[in-house]
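Here is the structure we will look at, set down as structure tokens.
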């Protein structure tokens, strides 16, 4: 299959259940730029524990294509549809994809919460790979956790980010 050139953007493809890795491999074989964020999780069975790589977002994979090749990327077995708004595939900003990549490569350690912040407040990441992203603060057991929403696919990522890299979003900035 020959790819048509043009300005490429990231899009989220919804896949069959548990087919993310197969779709990723197939897209790469077809010459597409694809990204499947994987996270290592400890799984326990009755006889053993094992560290396994699982998709960060179940049933989603990201593909970078131009509008002329949107349909071609869906011709891969297991790829079902694009995430759409008003019947049009929604592009995902490069910055969001890059922030996910950087975070998964080098997650930041936890730091204690500053008492001036409380759960439920909107905060902005002021430095680091997630700079500029806004999320809802969640606190527990003296640890700091930020929830980031990836708007285009309506998914949430829970990230541990040092307190020193986060600032409160003022009320007038929220509108």
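Since every read-out is calculated from the coordinates, none of them should be taken as a lab result. Computed from a prediction, not measured in an experiment: that's the story for all the values here. Quick reminder, even Gly has a Cβ in these numbers, built from the backbone with ideal geometry, and neighbours come from all protein chains shown.
Arranged from fewest to most other beta-carbon atoms within 10 Å of their beta carbon, 53, 67, 105, 20 become 105, 53, 67, 20. Taking label positions 7 Å along the Cα-Cβ direction at both residue 16 and residue 136, the computed distance is 3.5 nm, reported to one decimal. Neighbour counts of C-beta atoms inside 10 Å place 11, 35, 82 in the sequence 35, 82, 11, starting with the fewest. Using a/c under 1.5 as the rounded threshold, could you call the stretch 9-92 rounded, prolate or oblate? The axes a ≥ b ≥ c are square roots of the C-alpha gyration tensor eigenvalues, and prolate needs a/b larger than b/c, oblate otherwise. Prolate, because a/c is 1.5 or more and a/b exceeds b/c. Working from label points 7 Å from Cα in the Cα-to-Cβ sense, the residue 44 to residue 127 distance is 3.9 nm.
For the pair residue 86 and residue 66, the difference between a 0.36 nm per residue extended length and the Cα-Cα distance amounts to 5.3 nm.
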